[in-house]
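The values are calculated or read from the model by the stated rules, or taken from the named source; none is laboratory data. Since we're looking at a predicted model, the values are computed, not measured. All Cβ positions, even for glycine, are placed from backbone atoms using ideal geometry, and neighbour counts span all protein chains on display.
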Amino acid sequence: MSRHFSELACTAAMSASLLLAGCAPTEISSSTSEVSQAQLRGHIEFLAADSLKGRDTGSVGYQVAADYVAAEFSKLGLKPAGNSGSYFQEVPLVEARRVKGSAGVTLHTSGGDVVLQFPQQFTMRPDLVEASQQLTADLVFVGYGIVADEYDHDDYRGLEVEGKIAVMLTGRPQSWPTEEGAHLGSGRQKARYAAEHGAVGRIIVHTPRDEKVFPYEENFPYLDVPRMNWLDGTGKPDAYWPQLQGDAFLNLDAAAELFAGAPTPLEEIYQADTEGKPVRGFELPGAATLSRQSSHRKLSSPNIVAVLEGSDPKLKQEYLVYSAHLDHLGVIKGENGEDDIYNGAMDNAAGIAIMLETARALQQQPLKRSVLFVAVTGEEKGLLGAGYYARNPTVPRDAMVANINLDMPVLVFPFADVIAFGADHSNLKSTVEKAAHQAGITLTPDPMPEQAIFVRSDHYRFVQQGIPAIYLATGFTSKNPEENGEVLWQKFNKEHYHQASDQADLPIDYESAAIFTQININIGRDICNQEQRPAWNEGDFFGRAFN
Ligand SMILES: [Zn+2]
C-alpha cells in the first residue's frame, strides 16, 4: 500500500461500533485445498529476499522480481499480454529529486518578510519537469480547494484566483462519504481544481484535525524520497499541471504566520473544520515566494501482464483484471547510517504470491470470461504502473469488466472477516460476500475510513477509468477468541508497515494466506462465469464520475 500523502484527507475518528472484535466466526465450510501454502511461502521468500534489495521501481532487484513473475506466468501456461508478444509492458517514468538546500518559502507580510524553516515548518516536493523555479504571487485562501457538483460544493466560488497562490486546508468536509471524499479531496484532484481556476501555485495547510491522524513529523522520513510519474506519448508526466509553478505543505506554526492579519482568524477556520461547519475562502493579505530546484532522470520499469483465455466464444473477449504491485521501497538509509533493505514481504510480495496462486487455481477450471493478471510497478511512488496500464491497457479498455486488487493483506493472525474497499459502489459486493462466506469468512464494513485506503492502492486507477473494482483486505477479527485481531493488525501497521522489518521472517500465517487466496479465487470464478458483467450501482458516484 502506498503511504498517506499529506494532501489526502481524513475524517472522523474510528467508529467503535465497527471494531467489535471477538465475534465467534462460523466454522470454515469449504476447504482451501485449491491452494498450496508451500507455493505461497516460496513466492514470498523469493520476492522478499535481501538479494532483491527491496524491489525499488526501476532497480535491478525489481527486474529480477519481474523476470520471476514472468517465469511463473510461463510455467502456468498463461499467455503473454504485455507489449510485442512479451509478458512485459515497459512504463516510461521520470524521477525528480529536490536539490538539497533549495526549498524555500518566504512570506511577505505587512510586518516584513518571514522566512520559513525547512523541514520544521514546511515540506516541498521537487517539480517533475522544471529544473529551477521561483514564484512570487499574492495569496488567496480557497477553503479545502475542492469543487464537487454532487455536494453543491465549490470552494472557488466568488474568488479571484487567476495568477495567485491558492492556499488550502488538507482534507475535505468531514460530512462527505469517505470514499467519495477521499477521491474529491485527493492531492491530485486538488491540484487540478487549482490549475483550472488559474492558480500559479499551491500552499497546503495542515490542520489540527489531520494532525491527529497523520502527524506532520511523519513526513520527515520521506523528505528525500524522489518524486516519480509516468510519461505519456508526448513525454508529459501524468496529471502534471505546468501552470502550477510551486507548492508547499505548511505545519500548524507556519500556517499561523501565513494567516496573521487574515479577515477570519485561523483558529476559527480550524474550529469549523473540526466541527464539520462550512469553511469559506477569502483573499489573504500579503504574498509569498516559493522556490526550489529539481534534478531529473528518465527510466523505465515494466508491468508484467499475462492472460488466461476464457472458453465462451463471446465472453472470452471480456477480461477480469487481477492486479498486485510488485515494487516496494528499495534500500533506505537507517537511523545509524547503515543501509536498510525494505523487503516488503507483506507489502506486497504476499499480494503477488496470492495472485500467482489464484492464477494457478483458475487455470485448472472452466471459465467463460478471460482473466488478466497484471503485476504492476511504481505503486509506492503513486500508483504509477496501474495508472499507466489503466490508461494504456493491452486489451480494449471497455473489455475490462472489473478489477480485483491485492495489496498487503495483513496475514499475521487467523482472520475471521475481510474488508472490501470499493464494494459498496457496485454489485461486486454480493460476489465478495458469497466468495468470503464459502471460505467461512464474513464481509465487514471499512473500520478505518479516516485512512482513505480506497484511494491508496492500484484499484483506484482502474476506478478512474470507469471500471468497477475492489480491494480486499483482512479485517480486525481473529478466529482465536484469545486474540484481539484489531490489536494485532494495528501492531503490524505500526511496527512493520513500510519498515525494514516487513520481511519473510515475520510470523506469516500461511493457513490464513491460503484462505485469503481461496476467497480471491472464488470471486474470480464467480465474475468469470456469471451472465452479466459487474456493474456500478444505479446512480453511484464513481459509476458516474468517470464514464
Ligand atoms: Zn506500501
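Any residue at all in the range 333-351 that is aliphatic (A, V, I, L, M), assigned to a loop (DSSP other than H, G, I, E, B) and in contact with a strand residue (DSSP E or B) (Cβ under 9 Å, 6 or more places away or on another chain)?
No, the range 333-351 has no match at all.
Which one of Glu217, Glu211 is on the phi < 0 side of the Ramachandran plot, surrounded by fewer than 22 Cβ atoms within 10 Å (Cβ to Cβ), without any contact (Cβ under 8 Å) to a residue 40 or more places away in the chain and not assigned by TED's automatic domain parsing to the domain that holds His498?
Step by step, each of Glu217, Glu211 is checked, and only Glu217 is on the phi < 0 side of the Ramachandran plot, surrounded by fewer than 22 Cβ atoms within 10 Å (Cβ to Cβ), without any contact (Cβ under 8 Å) to a residue 40 or more places away in the chain and not assigned by TED's automatic domain parsing to the domain that holds His498.
Quick check on my filter: what residues within the range 242-252 are under 18 Å from Val94 (Cβ atoms) and either of a type in the set (Ser, Thr, Tyr) or buried (at least 18 other Cβ atoms within 10 Å of the Cβ) (or both)?
Listed by number, the residues that qualify are Leu244, Gln245, Asp247.
If a residue has to be over 19 Å from Gln490 (Cα atoms) and either among the acidic types (Asp, Glu) or in a loop (DSSP other than H, G, I, E, B) (or both) to count, how many in the range 427-457 make the cut?
Going through the range 427-457 one residue at a time, the tally reaches 5.
Give the residue, chosen from Ala306, Ala272, Ala287, Ala260, that is more than 30 Å from Pro92 (Cβ to Cβ) and either assigned to a strand (DSSP E or B) or β-branched (Val, Ile, Thr) (or both).
Answer to the selection: Ala287.
Look at the range 412-426 and say how many of its residues are touching a helix residue (DSSP H, G or I) at 6+ places or on another chain (Cβ under 6 Å) and assigned to a helix (DSSP H, G or I).
Count: 2.
Please list, ordered by first then second residue, the pairs with beta carbon atoms under 6 Å, 6 or more apart or interchain, first in the range 485-510 and touching a residue at least 60 places away in the same chain (Cβ under 8 Å) and part of a loop (DSSP other than H, G, I, E, B), second surrounded by 19 or more Cβ atoms within 10 Å (Cβ to Cβ) and hydroxyl-bearing (Ser, Thr, Tyr).
Qualifying pairs under 6 Å: Ala500/Tyr342.
Report yes if Gly543 is surrounded by fewer than 18 Cβ atoms within 10 Å (Cβ to Cβ), in a helix (DSSP H, G or I) and in contact with a Ser or Thr (Cβ under 9 Å, 6 or more places away or on another chain), otherwise no.
So Gly543 fits the description; yes.
Has the range 399-411 got at least one residue that is in a helix (DSSP H, G or I), over 14 Å from Arg525 (Cα atoms) and either of a type outside the set (Ser, Thr, Tyr) or not assigned by TED's automatic domain parsing to the domain that holds Ala324 (or both)?
Scanning the range 399-411, I find at least one residue that is in a helix (DSSP H, G or I), over 14 Å from Arg525 (Cα atoms) and either of a type outside the set (Ser, Thr, Tyr) or not assigned by TED's automatic domain parsing to the domain that holds Ala324 (or both), so the answer is yes.
Could you list, ordered by first residue, the pairs with Cβ atoms under 6 Å in which the first is in the range 178-196 and modelled with pLDDT under 95 and the second is not in a loop (DSSP other than H, G, I, E, B), at least 6 apart or interchain?
Going by the 6 Å Cβ cut-off, the qualifying pairs are Thr178/Pro449; Glu179/Phe454; Glu180/Phe541; Ala182/Phe454; Ala182/Val455; His183/Val455; Leu184/Ala148; Ser186/Val455.
Out of (1) more than 30 Å from Pro226 (Cβ to Cβ); (2) touching a residue at least 40 places away in the same chain (Cβ under 8 Å); (3) out of contact with any Leu (no Cβ under 6 Å at 6 or more places or on another chain), the odd one out for Leu284 is which?
Of (1) more than 30 Å from Pro226 (Cβ to Cβ); (2) touching a residue at least 40 places away in the same chain (Cβ under 8 Å); (3) out of contact with any Leu (no Cβ under 6 Å at 6 or more places or on another chain), only one is false for Leu284: (3).
Cβ-Cβ distance below 9 Å, separation of 6 or more or different chains: which pairs start in the range 252-277 with a residue that is of a type in the set (Lys, Arg) and end on one that is assigned to a helix (DSSP H, G or I) and at pLDDT 95 or above?
Going by the 9 Å Cβ cut-off, the qualifying pairs are Lys277/Gln271.
Of these, Gln503, Gln499, Gln518, Gln465, which one is surrounded by fewer than 24 Cβ atoms within 10 Å (Cβ to Cβ), within 30 Å of Asp312 (Cβ to Cβ), in the same structural domain as Val412 (by TED's automatic domain parsing) and not charged (D, E, K, R)?
The unique qualifying residue is Gln465.
Please enumerate the residues belonging to the range 356-379 that are touching a His at 6+ places or on another chain (Cβ under 6 Å) and assigned to a loop (DSSP other than H, G, I, E, B).
Scanning the range 356-379 gives a single hit, Glu379.
Could you run through the range 365-381 and say how many residues are surrounded by fewer than 21 Cβ atoms within 10 Å (Cβ to Cβ) and either modelled with pLDDT under 95 or outside the structural domain of Gly77 (by TED's automatic domain parsing) (or both)?
Total meeting the criteria: 2.
Going by the conditions given, is Gly330 surrounded by fewer than 24 Cβ atoms within 10 Å (Cβ to Cβ), within 22 Å of Ala386 (Cα to Cα) and within 15 Å of the ligand (Cβ to nearest atom)?
So Gly330 fits the description; yes.
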